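Every number in this text was worked out from the coordinates using simple rules, so none of it is lab data. Only a predicted model underlies this, so the values are computations on that prediction, with no experimental measurement involved. Reconstructed Cβ throughout: ideal geometry from the backbone, glycine too, with neighbour counts over all protein chains shown.
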Ligand SMILES: [Zn+2]
């Protein structure tokens, strides 16, 4: 019940209506910038398990770990936040849309009133982003003893208002005590960051493409 109350405002915020604008020319083959979006922040704690860090801190930690891993693969990385601050959803998509060579990855952890719910899933809005969501899911699905819940379509604001290839990752359920215990381990979050980086680079053979040549 407590978990349910914690989940509802979150869903409402993510499902605001709007219009889709996947820009012509934006594609999975030609992005060199990755906009890494740590979900929630500031007064918006996101989901919270019985123990440990809340979602906003878990997402920030994974985002910070992901940045150098992507840079090592040749990507330019832009973070929507690097500290515990609140960034409006429109601010997050504005950052993505201001980079013509970007792809957007939003990092989240899941929450369910059903405590047994577990596993990882990735989301897309524009179907052209589906392979991007799929590439990352293939890498993260079982990386910490987790399982795949699949690649899903959703009208999440940060996907719906994005003009770039965009995916939202749900990296596990903090409402599941067993899964939450794993997610609270920094080594698991490092592993997740490594697998996410591999998934992002999967369509490019492991490294950012060299452009303009
Ligand atoms: Zn979230």
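Things to note:
- Extension gain (nm, one decimal) between residue 142 and residue 181, 0.36 nm per residue minus Cα-Cα: 12.4 nm
- GNM flexibility winner over the chain from 72, 141, 201 (Cα, springs under 10 Å): 72
- Principal-axis tilt of helix 130-140 within the chain, Cα atoms, nearest 10 degrees: 50 degrees
- Computed on segment 128-192, with alpha-carbon pairs under 8 angstrom and 6+ residues apart, the relative contact order is 37 percent.
- Least to most buried among 202, 155 (fewest other Cβ within 10 Å first): 155, 202
- At R0 = 22 Å, FRET efficiency that the Cβ-Cβ distance of residue 154 and residue 84 yields, to 0.05: 0.30
- Cα convex hull volume per residue for the chain (Å³): 102 Å³
- Based on Cα contacts under 8 Å between residues 6+ apart, the chain shows a relative contact order of 30 percent.
- Take every DSSP beta bridge whose two residues both sit in the chain; close to 15 percent of them are antiparallel.
- GNM flexibility winner over the chain from 172, 91, 41 (Cα, springs under 10 Å): 91
- Relative contact order of segment 50-175: 33 percent, from C-alpha pairs under 8 Å at least 6 residues apart in sequence.
- Residue with peak Gaussian network fluctuation, the chain [Cα springs, cutoff 10 Å], from 171, 192, 89: 89
- Rounded tilt (10° steps) of 55-72 against the dominant C-alpha axis of the chain: 30 degrees
- In this rough spin-label picture, where each label sits 7 Å from Cα along the Cβ direction, the residue 71-residue 112 distance is 3.7 nm.
- Separation between Cα centres of segment 29-61 and segment 94-165, rounded to whole Å: 12 Å
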